[in-house]
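The structure appears below as structure tokens.
The values are calculated or read from the model by the stated rules, or taken from the named source; none is laboratory data. Everything numeric here is computed off the predicted structure, so don't read it as measured data. Cβ atoms come from the backbone with ideal geometry, glycine included; neighbour counts cover every protein chain shown.
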């Protein structure tokens, strides 16, 4: 079992970075998603997600175009931005 995870274990010791900040960001987005249940305006939802992390210069949300979404399969941008 350790052999399959050897690369991740070595990287954890080498870079000394945890997943805490990422998990915190994901949790904040999930809470917002639960609070926004029923809203139809996807663009507004994206803006709310972007507003959760103000002042973060390295935030990946700054570079997203309007009406874009991050999915497990990658970045999704609709063909017609005015129609989500």
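So which residues in the range 9-20 are exposed (fewer than 10 other Cβ atoms within 10 Å of the Cβ) and part of a helix (DSSP H, G or I)?
Selection gives 13, 14, 15, 20.
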Pairs, first in a loop (DSSP other than H, G, I, E, B) in the range 28-57, second surrounded by 11 or more Cβ atoms within 10 Å (Cβ to Cβ) and at pLDDT below 80, C-beta under 9 Å, six or more apart | 40/84; 41/84; 53/59; 53/61
Tell me, yes or no, whether the range 54-65 has at least one residue that is at pLDDT 70 or above and surrounded by fewer than 10 Cβ atoms within 10 Å (Cβ to Cβ).
-> no
Can you tell me which residues in the range 26-53 are modelled with pLDDT under 85, touching a helix residue (DSSP H, G or I) at 6+ places or on another chain (Cβ under 8 Å) and farther than 15 Å from residue 68 by Cα?
-> 36, 39, 52, 53
